[in-house]
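Participant: I am attaching a structure below and will ask some questions about it afterwards.
The values are calculated or read from the model by the stated rules, or taken from the named source; none is laboratory data. Small disclaimer: the values here were computed from a predicted structure and weren't measured. Every residue, glycine among them, receives a Cβ derived from its backbone with ideal geometry; neighbour counts consider all protein chains shown.
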Protein chains: 4
Amino acid sequence: MIGGGQGAFIGAVHRIAARIDGDYELVCGAFSSDPEKSKASGVALGLSADRSYSSYQELIEKEKQLPADQRVQVISIVTPNHVHFGPTKMALENGFHVVLDKPMTFSLAEAKELEKVVTASGKLFCLTHTYTGYPMVKEAKQLVKSGKIGKVRKIYVEYPQGWLSTFLEGEDNKQASWRTDPGKSGIAGAMGDIGTHAFNLMEYVTGLQVTQICADINIVVEGRKLDDDGAVLIKMNNGASAVLTATQIAAGEENNVKIRVYGETGSLEWQQWDANTLVVKMSGEPWQIYRTGGGYVSSFATHNTRTPGGHPEGYLEAFANLYHNFALCVKAQLEGTQASPEAQDYPGIDEGVRGMAFIENVIASGKSDIKWTKFNV
Amino acid sequence: MIGGGQGAFIGAVHRIAARIDGDYELVCGAFSSDPEKSKASGVALGLSADRSYSSYQELIEKEKQLPADQRVQVISIVTPNHVHFGPTKMALENGFHVVLDKPMTFSLAEAKELEKVVTASGKLFCLTHTYTGYPMVKEAKQLVKSGKIGKVRKIYVEYPQGWLSTFLEGEDNKQASWRTDPGKSGIAGAMGDIGTHAFNLMEYVTGLQVTQICADINIVVEGRKLDDDGAVLIKMNNGASAVLTATQIAAGEENNVKIRVYGETGSLEWQQWDANTLVVKMSGEPWQIYRTGGGYVSSFATHNTRTPGGHPEGYLEAFANLYHNFALCVKAQLEGTQASPEAQDYPGIDEGVRGMAFIENVIASGKSDIKWTKFNV
Amino acid sequence: MIGGGQGAFIGAVHRIAARIDGDYELVCGAFSSDPEKSKASGVALGLSADRSYSSYQELIEKEKQLPADQRVQVISIVTPNHVHFGPTKMALENGFHVVLDKPMTFSLAEAKELEKVVTASGKLFCLTHTYTGYPMVKEAKQLVKSGKIGKVRKIYVEYPQGWLSTFLEGEDNKQASWRTDPGKSGIAGAMGDIGTHAFNLMEYVTGLQVTQICADINIVVEGRKLDDDGAVLIKMNNGASAVLTATQIAAGEENNVKIRVYGETGSLEWQQWDANTLVVKMSGEPWQIYRTGGGYVSSFATHNTRTPGGHPEGYLEAFANLYHNFALCVKAQLEGTQASPEAQDYPGIDEGVRGMAFIENVIASGKSDIKWTKFNV
Amino acid sequence: MIGGGQGAFIGAVHRIAARIDGDYELVCGAFSSDPEKSKASGVALGLSADRSYSSYQELIEKEKQLPADQRVQVISIVTPNHVHFGPTKMALENGFHVVLDKPMTFSLAEAKELEKVVTASGKLFCLTHTYTGYPMVKEAKQLVKSGKIGKVRKIYVEYPQGWLSTFLEGEDNKQASWRTDPGKSGIAGAMGDIGTHAFNLMEYVTGLQVTQICADINIVVEGRKLDDDGAVLIKMNNGASAVLTATQIAAGEENNVKIRVYGETGSLEWQQWDANTLVVKMSGEPWQIYRTGGGYVSSFATHNTRTPGGHPEGYLEAFANLYHNFALCVKAQLEGTQASPEAQDYPGIDEGVRGMAFIENVIASGKSDIKWTKFNV
């Protein structure tokens, strides 16, 4: 693991997610840009001192020199955005598979560069767009794909958070500080941190792509340097329209990402707070409640579920599904076989490039006086 | 009553709403543009033949000639939009109070003309924006006004319906036919029919006014002549931003108008399907559930409630609140007194003018290549 | 109307319910046992002084002497329980139809006596078990009847209220005072006031009858004279078992009566706070949400609905359904025709007798050391 | 681990729960009563062949002979009920800490015997009553303890499942077979499997103890040998009354265990399907929604939470909380220190003895003609 030392939120989440299904063992790490802290974090996490490295460069170089059956196989990179590209590129080029936190890079240019690296490396790459790991999100995608609701016409996706309602970055809050710092986060704040999740969720569930956008991007909290709120009107490549909202100043809200997809004959609704429920509303029929663990769901949902219906699985399990599917694909590659379609269904480099394109396009649109702008990748 | 004969939806709703609190008695009507049908409808509704008129003109003329203690006092006008202005103007100018269904007129020009008529007449005028009649919507307004959530920063208002997901106007459906006919509905379809409700709800609850908009207006169903879907980015007069969506092609949806208002310190959430609940989310505190009938709610909520907490009141009661408050104001005027602030809190000519401005501005913005356009009244 | 003067809750509810569909006109009343108050209440409600009677006896006698086309046709009796039998019997025997509030009488003996009076009179009789007036409760009954969930095996019905959590009868609260007074309420408190509703709802929806009970009946609040809490284990006449709970000391609760019925192949769930929803859970299938106004519901649900899906109807509309159906039956009798099965589906004397049997059996069981006691009628 | 081979549900759950927080490593196991299967399961789970034992006896004997720093420290026992006592006793007496699945033993006599063994061994013992591991269940307990809702007066606890609605044990279903087999499950079916959970949840949250019961215990599905449904009237040691229901024939239901606790001034409500929410209803105030991760919750809730508010944690995390807290206590014992009160808050031998008492008392009451029977331990 690279990144994820003390005070980090997402590093701990990655570690839990990797552990849940027993596919991974944490064997080495470079947990901080501060060499001392990095080594200390490793030891605190139970690693041996010699594999608690002082930097990601050292980690990659030293691990590479270990015998194949001892060296780390998959490197998780959970650093702030500005330290995504470097270690990912180096890891891939040195023969390691990579799991990377989102958004993928600091800029779209880096993303495209990374795309080439991934392709050239032949290594596997996973980008942790967690929400697509939920069984009922997978079910939603499969239902759309099956034609259940007909051609998609309208999409609403929203991601409201309230934790940045005040000037938290002025209060020595590590999470707030890097996320609102253009030098670490990139050109976007909320749009990068959670807007990309909403964007990914929308494209994942519908199988459609954004082609035009019109964005209202705001900095609401005084003194903040990056956007903390935004709303985007969208056109999709099948002619459907969409509305995406993402905000971090929705005081009182937690983290309830939600999507609604309307087709010609019915619609789907999913939201994280009731993550094991997918509401299916067909015109002229009683609404249907699909549930995680139901015997009637697709193999994609079932494959990503551990317990019988009614034993709620949550965010950590969704995250673990990414790790588990990635592990199955890594194993298949090792064995020279093909992982199942269900296992291959995790976000990767394509989603990463489109996510970075979302960030650049949406920030540009926010500054533009032109209404509709083409979504450039 | 003018309009509301057989096959009409909203006419029957008005009659129930007027009856609930026992303030009104239906004494005369012109229920259809077809003189025969008009008279027949009146008799079917239990009116005497001589007060079942063949046209609204006849109604107003004949009733005016009756002795003051026998003639109708309040005229409800529930015709399609293109027959709003004429009878309303004539009724007011002939000394009758008027309750009018929304949207107020066929055009903004008519609306402004009507504004002058109302002022000149000295008569009372109510526009039935039903949703502002709900006790918990009134509570939301009072909480915002009290400063409970601080300065408003963000508003989401949505109105999804699914009933026009197909080309219903091709199937001899009276409701669909006039609502999608530019000659009867005006320049807007969904934006006029339900967008105006969402707009009114937003301005009512927040006490703010829209100043700029950027609209995506769509005709989704092939062959339809008016918009059936739209989304609007909005700027308010205090600097807050908003997103308004209204659609009639959300297959599977019923009629769940919903509003969320985010202030500096907390937020409010209300939706019609759970109309007796107002969710209050203050930063860093447990969420609060305000309920119709709760002993802690404002006088505005209590005044508009008939039963103790837990006895759900719904759409018809919200509608009845408009009628009841209007009756209290009519009585007060008759008695030369002042109705209570709670009774005076019903939508009127100002809301009607702004609603028509919304229609014209939003349709214009939908056609414009310019991103932000000023909201002109 | 008899009873329902100032300070009364249910009298006003009856008046609204009677008005909603325009079937009734309030023409006379005896609103209080105090002759002065009775007459004053009538005038305050807009009645003429000569039909604002000083007692129910006077009302019945005087009205009987009016010409048939002027006299009252239906008498609503909304007095406390100890004044149910007398006026109901007198009204029926003098040729008036009666709508009576529940529980039907002061004792089971009175109930059986009244049964004979109703039969002998040839007049129509309605007992206002409101909850059976909800469209989705009617739908539940029809679904059970249709065999949708197979043979019923288990029933849970609950009625939690919190308003009597304190010794409210010591605080000059009219509602609390008579309901906790054995001289006015009868032998039961909560079991009579709300337990009978739960009992009726259970027998109505399932079409089954209680045959054995085992009750835990409590007086929780110190100083109270009648039960304010109870739970009952039940056996039904098809072998199913049930659990009925009713309490008025559930601090914080409003009035959320709820029923769940489990059959061999699926189950039904309805609760008042979300009254327009009926949850249908079939084994091995997605859950289904039936909604008031849905095009797929039975004629019994549709007949009792006024607005399209998504316009919530509530408690007053459910109550109004009883009045409206009763009116349809009264009209049919007048016209010598037969009302529709949907119109005839309102609670009457049979439900009243069984409700009084419930009260007597459950209080007896509460005092008994024997576990299962036969449900005697 | 002892038990939990192929086809077992709860074994896999234990393994995930043990892994989530990285406190445990699976080092050995005896996974089946069939020696071949047992060893094969171990290898399939990635264990070395020499620590994949053929029986629990072998496991305990062999592990005991390993050097202290190599041998297993904690043994998880996840066998059917009839194989709980033997391995637990042997493990404790041979110096291993034990995590045991519920219900604790085959009989109350065994439970009391085990109580002595635990005490004598000085080893730590955890019984996996999962539901008490939820943060919001812990919060509920702390709120009751703090006096928030006053003296507890009424408790409703329910545990509805539908999976045994048919004669599943006739269809070669391993889970159904042993749970309905008196030789493996003991004298109770549903009451042992899920009734004990409901019982434990009730005593845990309220801090009260059951003193008298009156049970209705049923075998609903024809041919079944053990109860699959039951309802129990209960008296608590502070005078409160309660109703406990548990059923496995609630067709259509999943696993929604729910508890409501009513005190003098307010109430608490929690249910598993919305596990991160605790509803607090104080008389005369807006309802409050406490949420996992909220800054205002007790240290007991926070200690058992991994992610910020709005990232739903579920059943596996609740289960993991038991394992994690147990690990903290094991570590503390190793280090000669005292674990925190939060860490010590996991179910153990006392809860196990009371749970077995519940089974024996409730089955006896179900067969008795006497109404109230004393709860004997």
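Participant: Test each condition in (1) surrounded by 24 or more Cβ atoms within 10 Å (Cβ to Cβ); (2) away from chain A (no Cβ under 14 Å) for B:I149 and report the one that comes out false.
Facilitator: Condition not satisfied by B:I149: (2).
Participant: Then there's this: Which of the residues that make up the stretch B:252-271 are closer than 15 Å to C:G310 by Cβ and either part of a loop (DSSP other than H, G, I, E, B) or among the basic types (K, R) (or both)?
Facilitator: Scanning the stretch B:252-271 gives B:G252, B:E253, B:E254, B:N255, B:N256, B:V257, B:K258.
Participant: Let me ask something else about it. So which helices (runs of 4 or more DSSP H) are wholly in the stretch C:272-377 and hold at least 1 residues that are of a type in the set (F, W, Y) and either in contact (Cβ under 8 Å) with a residue 40 or more places away in the chain or touching a helix residue (DSSP H, G or I) at 6+ places or on another chain (Cβ under 7 Å) (or both)?
Facilitator: It comes to C:299-303, C:315-335, C:349-367.
Participant: Do any residues in the stretch D:12-23 that are closer than 13 Å to D:V74 by Cα have Cβ atoms under 6 Å from those of residues that are hydroxyl-bearing (S, T, Y) and in a loop (DSSP other than H, G, I, E, B), where the two are at least six apart or on different chains, and which pairs are they?
Facilitator: Correct list of pairs: D:A18/D:Y24.
Residue by residue, here is whether (1) over 30 Å from D:T245 (Cβ atoms); (2) under 19 Å from the mean Cα position of the chain (by Cα); (3) buried (at least 17 other Cβ atoms within 10 Å of the Cβ); (4) not basic (K, R) holds:
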position	(1), (2), (3), (4)
C:F106	yes, yes, yes, yes
C:K116	yes, no, no, no
C:D172	yes, no, no, yes
C:G183	yes, no, no, yes
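Participant: Pull out all pairs, ordered by first then second residue, where Cβ-Cβ is under 9 Å, the residues are six or more apart or on different chains, the first lies in the stretch A:50-75 and is in the same structural domain as A:F96 (by TED's automatic domain parsing) and touching a residue at least 60 places away in the same chain (Cβ under 8 Å), and the second is among the aromatic types (F, W, Y) and in a loop (DSSP other than H, G, I, E, B).
Facilitator: A:Q73/A:Y24; A:Q73/A:F96; A:V74/A:Y24; A:V74/A:F96; A:I75/A:F96
Participant: So which strands (runs of 3 or more DSSP E) stay within the stretch C:88-165 end to end and still have 1 or more residues that are among the hydroxyl-bearing types (S, T, Y)? Please lay out each step first, then the result.
Facilitator: Values: elements: C:97-100, C:125-127, C:152-160.
Correct list: C:152-160.
Participant: When you look at C:A301, is it farther than 18 Å from D:Y156 by Cα, away from chain B (no Cβ under 14 Å) and surrounded by 24 or more Cβ atoms within 10 Å (Cβ to Cβ), yes or no?
Facilitator: In short, yes.
Participant: Taking the stretch B:52-72, which residues are crowded, with 19+ Cβ neighbours inside 10 Å and under 21 Å from C:G22 (Cβ atoms)?
Facilitator: Those that are crowded, with 19+ Cβ neighbours inside 10 Å and under 21 Å from C:G22 (Cβ atoms): B:S52, B:Y53, B:L59, B:E63, B:V72.
Participant: Collect the residues in the stretch C:126-137 that are away from every other protein chain (no Cβ under 11 Å) and of a type in the set (V, I, T), keeping them in residue-number order.
Facilitator: Passing the criteria: C:T128, C:T132, C:V137.
Participant: Applying the selection to the stretch C:75-127, what residues are among the aliphatic types (A, V, I, L, M) and closer than 26 Å to C:F375 by Cβ?
Facilitator: Result: C:L100, C:M104, C:L108, C:A109, C:A111, C:L114, C:V117, C:V118, C:L127.
Participant: Taking the residues in the stretch C:269-285 that are under 20 Å from C:G147 (Cβ atoms) and not aliphatic (A, V, I, L, M) as candidates, determine which candidate is farthest from the other protein chains (Cβ to nearest Cβ).
Facilitator: Quick first cut of the stretch C:269-285, residues under 20 Å from C:G147 (Cβ atoms) only: C:269-270, C:278-285.
Now restrict to residues that are not aliphatic (A, V, I, L, M): C:269-270, C:281, C:283-285.
Numbers: C:E269: 9, C:W270: 13, C:K281: 3, C:S283: 5, C:G284: 5, C:E285: 6 Å.
Selected residue: C:W270.
Participant: Regarding the stretch B:260-273, can at least one residue be identified that is over 24 Å from the mean Cα position of the chain (by Cα) and among the β-branched types (V, I, T)?
Facilitator: Checking the stretch B:260-273: at least one residue is over 24 Å from the mean Cα position of the chain (by Cα) and among the β-branched types (V, I, T).
Participant: A follow-up question, please. Among the listed residues A:Y315, A:Y296, which satisfies the condition of being away from chain D (no Cβ under 12 Å) and aromatic (F, W, Y)?
Facilitator: A:Y296
Participant: Okay, next question. With crowded, with 24+ Cβ neighbours inside 10 Å, of a type in the set (A, V, I, L, M) and either under 20 Å from A:H311 (Cα atoms) or within 14 Å of chain C (Cβ to nearest Cβ) (or both) as the only criterion, which of D:A140, D:A176, D:A188 stands out? Show your work before the answer.
Facilitator: Working: D:A176 fails: crowded, with 24+ Cβ neighbours inside 10 Å; D:A188 fails: either under 20 Å from A:H311 (Cα atoms) or within 14 Å of chain C (Cβ to nearest Cβ) (or both).
Exactly one residue qualifies, and that residue is D:A140.
Participant: Additional query: So C:C214 ticks every box in (1) outside any strand (DSSP E or B); (2) crowded, with 23+ Cβ neighbours inside 10 Å; (3) in contact with a Phe, Trp or Tyr (Cβ under 8 Å, 6 or more places away or on another chain) but one. Which box is left unticked?
Facilitator: (1)
Participant: A further question follows. Is it true that D:S165 is surrounded by fewer than 17 Cβ atoms within 10 Å (Cβ to Cβ), within 23 Å of A:G310 (Cβ to Cβ) and either free of Cβ contacts under 8 Å to residues at least 12 places away in the same chain or within 14 Å of chain C (Cβ to nearest Cβ) (or both)?
Facilitator: Here the answer is no, as D:S165 does not meet what is asked.
Participant: Could you go through the stretch C:166-178 and let me know if any residue there is farther than 30 Å from D:S267 by Cα, not small (G, A, S) and not in a strand (DSSP E or B).
Facilitator: Checked the stretch C:166-178: no residue is farther than 30 Å from D:S267 by Cα, not small (G, A, S) and not in a strand (DSSP E or B).
Participant: Next up: Going residue by residue through the stretch B:268-279, is there one that turns out to be at pLDDT 95 or above, in contact with a Ser or Thr (Cβ under 6 Å, 6 or more places away or on another chain) and under 20 Å from D:K281 (Cβ atoms)?
Facilitator: So far as the stretch B:268-279 goes, yes, one or more of its residues are at pLDDT 95 or above, in contact with a Ser or Thr (Cβ under 6 Å, 6 or more places away or on another chain) and under 20 Å from D:K281 (Cβ atoms).
Participant: Exactly one condition in (1) crowded, with 23+ Cβ neighbours inside 10 Å; (2) in contact (Cβ under 8 Å) with a residue 60 or more places away in the chain; (3) not hydrophobic (A, V, I, L, M, F, W, C) is false for C:H84; which is it?
Facilitator: Evaluating C:H84 over (1) crowded, with 23+ Cβ neighbours inside 10 Å; (2) in contact (Cβ under 8 Å) with a residue 60 or more places away in the chain; (3) not hydrophobic (A, V, I, L, M, F, W, C) leaves (2) as the failure.
So that you can scan it fast, the table gives a plain yes or no per residue for (1) farther than 26 Å from D:A250 by Cβ; (2) surrounded by fewer than 24 Cβ atoms within 10 Å (Cβ to Cβ):
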residue	(1), (2)
A:L268	yes, no
A:W273	no, yes
A:L278	no, no
A:W287	no, yes
A:Y290	no, no
A:G309	no, yes
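Participant: I'm trying to understand the selection: among the residues of the stretch D:329-372, which are surrounded by 16 or more Cβ atoms within 10 Å (Cβ to Cβ) and more than 22 Å from D:F106 (Cα to Cα)?
Facilitator: Those that are surrounded by 16 or more Cβ atoms within 10 Å (Cβ to Cβ) and more than 22 Å from D:F106 (Cα to Cα): D:C329, D:V330, D:A332, D:A339, D:E342, D:A343, D:D345, D:K371, D:W372.
Participant: Within 19 Å of the chain's Cα centre (by Cα) and not polar (S, T, N, Q) - does that describe any residue in the stretch D:286-307?
Facilitator: Yes; the residues of the stretch D:286-307 include at least one that is within 19 Å of the chain's Cα centre (by Cα) and not polar (S, T, N, Q).
Participant: Next up: Which numbered condition trips up A:A120, out of (1) crowded, with 19+ Cβ neighbours inside 10 Å; (2) of a type outside the set (S, T, N, Q); (3) free of Cβ contacts under 8 Å to residues at least 40 places away in the same chain?
Facilitator: Failing condition for A:A120: (1).
Participant: Within the stretch D:6-34, track down each residue that is assigned to a loop (DSSP other than H, G, I, E, B), among the small types (G, A, S) and surrounded by 20 or more Cβ atoms within 10 Å (Cβ to Cβ).
Facilitator: Of everything in the stretch D:6-34, those that are assigned to a loop (DSSP other than H, G, I, E, B), among the small types (G, A, S) and surrounded by 20 or more Cβ atoms within 10 Å (Cβ to Cβ) turn out to be D:A8, D:S32.
Participant: Within the stretch B:195-211, identify whether any single residue is in a strand (DSSP E or B) and either over 15 Å from the mean Cα position of the chain (by Cα) or not assigned by TED's automatic domain parsing to the domain that holds B:V353 (or both), and answer yes or no.
Facilitator: yes
Participant: Can you find a residue in the stretch A:259-267 that is farther than 21 Å from A:F167 by Cα, in contact with a strand residue (DSSP E or B) (Cβ under 6 Å, 6 or more places away or on another chain) and more than 9 Å from every other protein chain (Cβ to nearest Cβ)?
Facilitator: The answer is yes; a qualifying residue exists.
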